[in-house]
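Below is one structure, written out as structure tokens; comments come after it.
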Amino acid sequence: MKVLVNAGHAPNGNPDPGAVGPNGLRECDVTCNVAHMTVDYLQVAGVEADFIQSDSLEEICETANAGGYDLLLSIHCNSFNETAVGIEVWTSRGWTKADIFANKLMDQMHGTFPDQVVRADWSDGDVDKEAGLYVLNYSDCPAALFELPFISNPDQEAWLANSDNQRESAKAFARGVTDYFA
Ligand SMILES: [Zn+2]
């Protein structure tokens with residue numbers, strides 16, 4: 001079993017740091033930390049895992065497809081305004097194995113952080129939201145995009161900057177992957 005973990009936005013923020021919080025925290029740095037730790041925890045668990053951070057969504061999908069990966073996890077921070085809160089997970093449209101993966105990820109994140117609001121779309125009977133996001137549509141393997149809390153909200157920005165929260169998020173993602181393969 002082989003997993004590609006994608007840290008959202010460009011390495012070192014060049015040219016795209018993603019969203020930037022009111023106190024200057026950059027999405028690309030949070031996702032880089034969490035994705036690297038997720039890879040580490042997966043490897044400790046005996047799962048083959050690789051890290052990718054790229055400004056090119058095509059490169060991410062081509063890497064996933066050419067490398068024979070079984071799962072793609074893309075990690076982002078959400079951003080909207082100073083009061084928005086919570087966590088959410090996205091898949092491509094329709095019922096696919098990605099829905100199972102997304103639900104495993106959210107189960108673990110919700111279990112780890114019960115105080116974080118789960119921003120779910122229950123209209124199709126499960127927690128994930130669905131959209132035509134590029135990395136979700138053009139990867140051959142099941143893919144999920146997880147939005148960590150809102151970097152645009154100063155309270156949630158502080159949460160995201162906290163290294164314990166980053167580490168526990170990575171552990172939860174790694175457990176979500178191993179739950180999917182179990
Ligand atoms: Zn993002």
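Over all pairs of different C-alpha atoms, the chain has a mean inverse distance whose reciprocal, the Kirkwood radius, equals 15.9 Å.
For the range 102-182, what is the convex hull volume of the alpha-carbon atoms per residue, in Å³?
Numbers: hull volume 9.4 nm³, N = 81.
Cα-based convex hull of the range 102-182, divided per residue, equals 116 Å³.
Between the range 83-108 and the range 1-20, the alpha-carbon centres lie 19 Å apart.
The order of 105, 133, going from fewest to most other C-beta atoms within 10 Å of their C-beta, is 133, 105. Candidates 79, 163, 120 compared by Cα position along the dipole of the chain: farthest toward the positive end lies 163, with charges placed on Cβ. Evaluate E = 1/(1 + (r/R0)^6) for residue 56 and residue 96, where r is the Cβ-Cβ distance and R0 equals 30 Å; express this FRET efficiency to the nearest 0.05. The value I calculate is 0.80. For the range 2-181, the relative contact order is 30 percent, taking Cα pairs closer than 8 Å that sit 6 or more residues apart in sequence and dividing their mean separation by the residue count.
Given their separation in residues at 0.36 nm each and the Cα-Cα distance between them, residue 182 and residue 131 gain 15.7 nm when the chain is fully extended.
log₁₀ I(q)/I(0) of the range 1-64 at q = 0.13, 0.19, 0.20 Å⁻¹, via Debye over equal Cα point scatterers, no solvent, to two decimals? For the requested q values the scattering log ratios are -0.36, -0.70, -0.75.
Per-residue 3J(HN,Hα) values for the range 36-51, derived from phi via the Karplus relation 6.51 cos²θ - 1.76 cosθ + 1.60 with θ = phi - 60°, read 4, 5, 4, 4, 4, 5, 5, 5, 4, 7, x, 9, 5, 8, 10, 9 Hz in sequence order (x marks Gly and Pro).
Residue 45 to residue 84: extension gain in nm, 0.36 nm per residue of separation minus the Cα-Cα distance? Provide the component values of the computation, followed by the final result.
Details: separation 39, 0.36 × 39 = 14.04 nm, distance 3.42 nm.
Residue separation times 0.36 nm, minus the Cα-Cα distance, leaves 10.6 nm.
All other residues whose Cβ lies under 15 angstrom from that of residue 50 are scored, Lys and Arg at +1 and Asp and Glu at -1, for a net of -4.
Would you please give the FRET efficiency between residue 16 and residue 164, computed as 1/(1 + (r/R0)^6) with r the Cβ-Cβ distance and R0 = 41 Å, to the nearest 0.05?
Values: r = 27 Å, r/R0 = 0.66.
Here the calculated transfer efficiency is 0.90.
Throughout, read-outs are computed from the coordinates displayed, never taken from laboratory work. None of these values were measured; they are calculated from a predicted model. Here the Cβ is made from the backbone with ideal geometry for all residues, glycine too, and neighbour counts use every protein chain on show.
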